[in-house]
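See below for the structure under consideration.
The values are calculated or read from the model by the stated rules, or taken from the named source; none is laboratory data. The structure presented is a predicted model; accordingly, all values stated were derived computationally and were not measured. With ideal geometry, Cβ positions are generated from the backbone for all residues, glycine too; neighbour counts draw on all protein chains shown. Ligands, DNA and RNA are stripped out before the accessible areas are found, and what is left, the full protein with its side chains, is counted by its heavy atoms. Shrake-Rupley method; radii C 1.70, N 1.55, O 1.52, S 1.80 Å.
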Amino acid sequence: QVQLVESGGGLVQAGGSLRLSCAASGRTGSSAAMGWFRQAPGKEREFVTGISWSGGTAYADSVKGRFTISRDNAKNLVYLQMNSLKPEDTAVYYCAAAPTVATMLRDRILYWGQGTQVTVSS
């Protein structure tokens, strides 16, 4: 089992920045890829970004150039730096773990965090 705990959400004005963190604990060996999904009210959950153990990344087109994912393998931490935030970024953001980024992109997630709310005001 792997436990994922997110932190760092909150309320920010459009154009502002937030950094989310995800702490992983437990048997993380099978979940080498980490990433973030989000779900806005009335919408389906969608992929935001993912990172492999070696640092390879993938981003949704809607966040490219604004969001940056990174990880600290020694501390089992994953970060999401969100800049130039827009009201349409408002959602619950979920940390996710999967065997690879490719499986994450196919929505084959092994573990989910509980989610953290990000609200961007206009």
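Using +1 at the C-beta of Lys and Arg and -1 at the C-beta of Asp and Glu, which of 98, 42, 74 has the Cα lying farthest in the positive direction of the dipole of the chain?
Looking along the dipole axis, the top candidate is 74.
Pull up all non-local amide H partners of residue 115: gap of 5 or more, or a different chain, and H-to-H distance under 5 Å with H placed in the peptide plane.
Under 5 Å from the amide H of residue 115: 6, 95.
Quote the convex hull volume per residue of the chain, based on C-alpha atoms, as a whole number of Å³.
Measuring per residue, one finds 90 Å³ for the Cα hull of the chain.
Keeping all protein chains in the complex and leaving out DNA, RNA and ligands, what accessible area do you get for residue 92 with a 1.4 Å probe, in Å² to the nearest 10?
In the full protein context, residue 92 sits at about 40 Å².
Taking H placed 1.01 Å from N in the peptide plane, check which residues at least 5 places from residue 85 or on another chain put their amide H under 5 Å from its amide H.
Under 5 Å from the amide H of residue 85 lie the amide H atoms of 15, 16, each far enough along the sequence or on another chain.
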